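First comes the structure, then the notes that go with it.
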Amino acid sequence: MDKITMEGVTAYPLKRIAVDNGDILHAVKATDDGYAGFGEVYFSQIREGAVKGWKRHNRLTLNLVVPAGEIRFVLYDDRPGSATCGQFEAITLSPDKNYRRLTVAPGIWLAFQGIAPGVSMLMDLIPEAHDPEEADKKTLAEINYSFSL
């Protein structure tokens, strides 16, 4: 499993309960570490090889779970004063290989890539309803990182 070293990012192990007709995949409880409140839950799909990003939330803590497929998350820290300023971190999540909840603090750039064949899906729980003015975006070319399969 990937070890997280970036300041403000944590990966929490999640339970997967085997059930004959389909497993139960836990995501988050109000009592879990990293839970910052409920405002909205959304799902985002991504095709194999596709990359979405870069996006930085300025107020929101992200709680990301991958219940289907496999997704590589790439984080970039440009926060002045952060112990990991200037560093990248990559973590791959899937329900079969590395089922965890990735909690990302505000101020960290995030991009993600579909790794599994077909379509992968992520779930994000955020502490307030989506506000397009709350986040900053950059094109993939504006932060130098090589996304390859």
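Computed from the coordinates by the stated procedures, all read-outs in this text should not be read as laboratory data. Just so it is clear, the model here is predicted, and its values are computed rather than measured. FYI the Cβ positions are ideal-geometry reconstructions off the backbone, even for glycines, and counts take in every protein chain you see.
Things worth noting here:
- By the count of other C-beta atoms within 10 Å, a proxy for reagent exposure, Leu62, Leu25, Leu102 are ordered fewest to most as Leu25, Leu62, Leu102.
- Flagged links, alpha-carbon separation over 24 Å, of Lys15/Lys55; Lys52/Lys97; Lys29/Lys97: Lys15/Lys55
- Cut-off 17 Å, label 7 Å out along Cα→Cβ of Arg47, residues of the stretch 98-122 by amide N: 112-122
- Entry note, the stretch 9-139: relative contact order of 40 percent, from Cα contacts under 8 Å with a spacing of 6+ residues.
- Net charge contributed by nearby residues that have their C-beta within less than 9 Å of Ile24 (K/R +1, D/E -1): +1
- Charge context of Trp54, other residues only, Cβ under 11 angstrom, K/R +1, D/E -1: +2
- Ellipsoid semi-axes in whole angstrom, largest first, where each is sqrt(5λ) of the Cα gyration tensor of the chain: 23, 18, 15
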